[in-house]
Amino acid sequence: MTAFSFATAGRIVFGPGASEQVPELVTRWGPRVLVVLGARTDPAAWPGLAGLPSTAVLHRSSGEPTVDGVQEAVDHARQVRPHVVIGWGGGSVIDLAKAVGVLVGGTGSVLDHLEVVGRGLPLPSASVPVVAVPTTAGTGAEVTANSPVLVPEHQVKASLRSRAMLPALAVVDPLLTLTCPPAVTAATGLDALTQCLEAFCSPAANPISDLCARDGLTRAARSLRRAFTDGSDVDARTDLSLAALLSGMALANAKLGAVHGLAAPLGGMLGAPHGELCAAVLAATCEVNVRALTERAPGSPALGRYREVARIVTGNPSAQPDDGVRWVRETVRALRVRPLAALGLTPAGHGSAADGALRASSMAGNPVQLTRDEVLEILVRSS
Ligand SMILES: NC(=O)c1ccc[n+]([C@@H]2O[C@H](COP(=O)([O-])OP(=O)(O)OC[C@H]3O[C@@H](n4cnc5c(N)ncnc54)[C@H](O)[C@@H]3O)[C@@H](O)[C@H]2O)c1
C-alpha cells in the first residue's frame, strides 16, 4: 500500500442541535470573538449565536468571497485581534472566516498568498483558531484546508491553501440547514456528491478518504431528492450534512478533478452557484473521463472506481459506468439544475473556460489528463 497522511479539523461535533454548544465550546480560546456571518443571518434566531459573549464582534459578508472582500475582512480583523474566529454560514462564510483566521496575525495581503493568479507565497504557519458552523450541506469547508476566492479581473476563482487553515473545531448541526430553499439544497447537495465522486476517482485517494467518499456517496445518493422535495425531512438533512462533512474530509486528503477544474473559471465567468456549476458538468465529465481512460489507460484503477460509484448511486450491484452517468443526468434534471447555456455561458466563452480549467489546480487530481478538445467537448455537452 502507498504511504499516506490524513488531516482534518481539530475536533468535529456533529448532530441535530449541536450548534447550541458553540458558546460553551469557544470559551477556551479567550474573550475576543470575531463572528463572520452571512449578510441576512439573524443572530437572535439561533441559540448558539445568541449565547455568544456580548463582546463578540460581527463581520457581515454577502456573496462568495472576492479578493477585495477578504482583504476588507482581514483589515477589520487586524483591528479586533480576535482570540477565535467563528464562521457561521454557508461555504462562502466559512471560507472567509478561514482566510481571516490565517491572515489576521501576519502583514501579507490576500494577493500575496493566492495560488494560480496571486504571488502564491506560503501562508503563516499558524492560524487564529477557527470554528466552522455550516448552515448549508455541501462544501465540507468546515474540514478543508483552503478558501476559494473570486478574482474578478481574471474571471477565475483561486484558493488560499495551507494545512494551517484547517478549522480547530467544526460544529455540524443539520437543523441549521432546514431553512435552505430547494435550489440551495440541490446545488449544495450535488456539490457534496461531486466532491465524494472526484476524490474517490482521484489517483491521490487513500484508504481513509475512500471510507469517507463511499459513505458520503451512499448518503447523498439516497437523500438528495428527499431533502429537495421536503426540506423539513430531518433524516434526509442529517444524511446530507454528514455527506458534506465526509466529502470535505475526502477532498482535503485526496484531490478533486476536472469538474472542479472547470468550476474554477466558470465560477469566475458566470457568478452562478458553485454546486450548480459542478452538477451541470458532472455527467459529461464522467463520460469523457471514462472514454479517455478506456482509450489511453485501460489498466487504470479509476475505471473500477467509476464502476463502483455507479453501483453505489444506483443501488444496482451490476451497474456499469454508463448507468452511473445516466443516474447523475436524471438526478441533476430532477433537481432542476440548469445547463451551462442557461447559466450564461455562450459558445464564445468556451475557449477561455477550457484554458482556465486546464490551468486550475484541481485539474491535477483528474484520473486522466484531458486534452483541450475533450474539455471543450464537456462544455458543449453540458450547455
Ligand atoms: N473550502 C472548500 O473546501 C470549498 C469546497 C467547495 C466549495 N467551496 C466554496 O463554497 C462556496 C459555496 O458555498 P455554499 O454552496 O455553501 O453556498 P453559499 O455559502 O454561497 O450560500 C448559498 C446561499 O444560501 C444561503 N444560505 C446559507 N445557509 C442558509 C440556510 N440555512 N437557509 C437559507 N439560506 C441559506 C446564503 O445566504 C446564500 O444566498 C463557493 O464559494 C465555493 O467556491 C469551498
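Based on Cβ point charges of +1 for Lys and Arg and -1 for Asp and Glu, what charge dipole magnitude is obtained for the chain about its Cα centre, in debye rounded to the nearest 20?
Result for the chain is approximately 260 debye, rounded to the nearest 20.
Provide Rg and Dmax in Å for region 246-316, with only Cα atoms included in the calculation.
Values for region 246-316 (Cα only, Rg and Dmax): 13.6, 38 Å.
Does a label point 7 Å from the Cα of residue 210, set along Cα-to-beta-carbon, have any residues of region 298-320 with amide nitrogen under 16 Å, and which are they?
Within reach of a label on residue 210, which here means backbone N under 16 Å from a point 7 Å along Cα→Cβ, region 298-320 contributes 300-312.
Rounded to the nearest 20 debye, what is the charge dipole size of region 11-177 about its Cα centre when +1 sits on each Lys and Arg Cβ and -1 on each Asp and Glu Cβ?
That gives region 11-177 a dipole magnitude of about 360 debye.
Between residue 359 and residue 154, what is 0.36 nm times their sequence separation minus the Cα-Cα distance? Round to one decimal in nm.
Full extension from residue 359 to residue 154 adds 72.5 nm.
Within region 232-271, whose backbone N sits under 19 Å from a point 7 Å along Cα→Cβ of residue 348?
Only 266-271 pass the distance filter.
Multiply the residue separation of residue 44 and residue 329 by 0.36 nm, subtract the distance between their alpha-carbon atoms, and state the gained length in nm to one decimal.
Result for the pair: 98.5 nm of gain on full extension.
How much of the calculated P(r) for region 11-177 lies past 24 Å, in percent of all Cα pairs?
Value for region 11-177 (Cα pairs over 24 Å): 26 percent.
Mind putting a number on the dipole of region 182-381 about its Cα centre? Charges go on the C-beta only, +1 for Lys and Arg and -1 for Asp and Glu, and I need it in Debye to the nearest 20.
Dipole about the Cα centre, nearest 20: 100 debye.
Give the residue from 371, 7, 247 lying farthest towards the positive end of the charge dipole for the chain; charges sit on Cβ (+1 for Lys and Arg, -1 for Asp and Glu) and the dipole is referred to the Cα centre.
So the residue we want is 7.
Counting every Cα pair in region 289-383, what percent are over 21 Å apart? Mind showing how you got there, number by number?
Working: 2019 of 4465 pairs.
So the pairs more than 21 Å apart make up 45 percent of the total in region 289-383.
Grab the DSSP H runs of the chain that are 4 residues or longer, score each as -39,500 (n - 2.57), total them, divide by all residues and round the 222 nm result to the nearest 500 deg cm²/dmol. Let's see the in-between values first.
Numbers: 14 runs with 187 residues, N = 383.
So the calculated ellipticity at 222 nm is -15500 deg cm²/dmol.
Pop out the ³J(HN,Hα) list for region 154-169 in order, Karplus 6.51 cos²θ - 1.76 cosθ + 1.60 with θ = phi - 60°, rounded to Hz; leave Gly and Pro as x.
9, 6, 8, 10, 9, 10, 8, 8, 5, 4, 5, 7, 4, x, 5, 8
Give me log10 I(q)/I(0) at q = 0.13 Å⁻¹ for the chain, Debye formula, one equal scatterer per alpha-carbon, no solvent.
Log10 I(q)/I(0), no solvent term: -1.00.
In whole Å, largest first, what are the principal axis extents of the Cα atoms in region 182-381?
Principal-axis extents of region 182-381 (Cα, largest first): 43, 38, 28 Å.
Going 7 Å from the Cα of residue 20 along its beta-carbon direction, which residues of region 33-56 have the amide nitrogen within less than 15 Å of the resulting point?
What the label zone holds, given the 15 Å backbone N cut-off, is 45-52.
Express in nm, to one decimal, how much length is gained between residue 318 and residue 60 on full extension, taking 0.36 nm for each residue of separation and deducting their alpha carbon distance.
87.9 nm
Which shape class applies to region 180-264: rounded if a/c is under 1.5, otherwise prolate when a/b exceeds b/c and oblate if not, where a ≥ b ≥ c are the square roots of the Cα gyration tensor eigenvalues?
Note, shape of region 180-264 comes out oblate.
Can you check what the net charge comes to around residue 306, using other residues whose Cβ is under 13 Å from the Cβ of residue 306 (Lys, Arg +1; Asp, Glu -1)? If you can, show how the numbers build up before the last one.
Numbers: positive: 291, 305, 307, 311, 326; negative: 198, 287, 308, 322, 323.
It works out to a net charge of 0.
Share of Cα-Cα pairs in region 91-156 beyond 17 Å, in percent? Don't skip to the end; give the middle numbers.
Values: 933 of 2145 pairs.
Taking all Cα-Cα pairs of region 91-156, the fraction more than 17 Å apart is 43 percent.
So, counting K/R as plus one and D/E as minus one, what does the shell of residues with Cβ under 12 Å around residue 177 add up to?
Once positives and negatives cancel, what remains is -2.
Quick one: work out the % antiparallel among DSSP beta bridges in the chain, nearest 5.
Antiparallel: roughly 20 percent of the beta bridges in the chain.
The numbers here are math on the coordinates, done by the rules we state, and not lab data. All values reported here derive from a predicted model rather than from experimental measurement. Neighbour counts are summed over all protein chains in view; Cβ atoms, including those assigned to glycine, are modelled from backbone coordinates with ideal geometry.
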